[in-house]
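Here the structure comes first, spelled out in structure tokens, and everything after it is commentary.
Here, each number is a calculation from the coordinates, and none is a lab measurement. From a predicted model like this one, the values you see are computed outputs, not experimental measurements. So basically every Cβ, Gly included, is an ideal-geometry build from the backbone, and we count neighbours across all protein chains shown.
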Amino acid sequence: MPLTRFFVKERKPSAKRPTSSRERRLSLLLVYSHGKTHTLSFSLGTLLSIMAAVCVSLAALGIFVNSYMETAKQNEELNYLHDVAGTQEKQIQELQQHILEMAQRLRQTELAESETRSMLIEEGLLQEGTSELAAVVAARQVMAATTSRSGRHAGRIPVRDMASVLDSLERLALELDCEIGSLQDCLNDLREEADKAVAYARAQPNIWPVHGSLTSPYGWRRHPITGRQQFHEGIDIGAQYRAPIRAAADGTVKFAGYKSGYGRTIIISHGYGLETLYSHCSSMAVTAGQKVRRSDTIGYVGTSGIATGPHLHYEVCKDGKNQDPLGYLPD
């Protein structure tokens, strides 16, 4: 490769034609290895212009690089914020769904409480009216509905609101979880006690087993057939032949068959030491071992056994001792 040498010389103005400093020119002499030369000439103003252009270009390049780096940093931060916002929005949606599920649990709790109250009211164990538990359940349902809507926007949730909405939802969700747990424990205790109270109440023979009129009370009387004084261990209720006989309380049929003097007889064990007896039936609708509910038809009025006419002989026994049935029946 030929060697090229560079020489820069300043042209001196001719003595014959003096020039100003602005017209001074610079020359660049190129000397090749084979001896050939080439001269480049340009003015000082051109050189200054080139240098100014280079400086401006470098400054512009620096500004561009700095701006690019700032933009890249901002984009990185925006991407991070977008990812965080997306994660938080997903958490909010999951919390909202969880709160809706808790609201449904509250609804089930309210239904169970209402059912328990109705059961107690039906047995006369509770007066009608809004209970404290029902009021609490209703209040918590309102809280659940309000919480499920909080943080819900028509569009995307603004990034600046994400943290506060998420914190609010988590706090309310925790409160609801605690409240629901407390309510369910309270309801479970109430239901357990209610079941016991209702079971006892439904075991009490407190309805008339047949529609009719009292023809013979409990206690000493003159027997209508023998004419002798005899203790009447139950009551007689005159009714139409084949009138339905109802179970006076919940229980299990202990006996369903024929007894001497009583005719076709049904004995029901109600638990708690209580039994009821229904005799002189024309026919029976139950069998031994069958479970019955209060008001179920168990037989029909007749004249079987020793009887002067169609009626029901009805007895109540407590712990093996006969009781006056009128003490259990409503007036």
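Could you tell me how many cubic angstrom of Cα convex hull volume segment 213-327 has per residue?
Given the Cα convex hull of segment 213-327, per-residue volume reads 93 Å³.
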What order, most packed first, do the peptides 64-73, 304-313 have when packing is the mean number of other Cβ atoms within 10 Å of each residue? 304-313, 64-73
Can you tell me which of 242-250, 279-287 comes out highest on packing, and rank the rest after it, using the mean Cβ neighbours within 10 Å? 242-250, 279-287
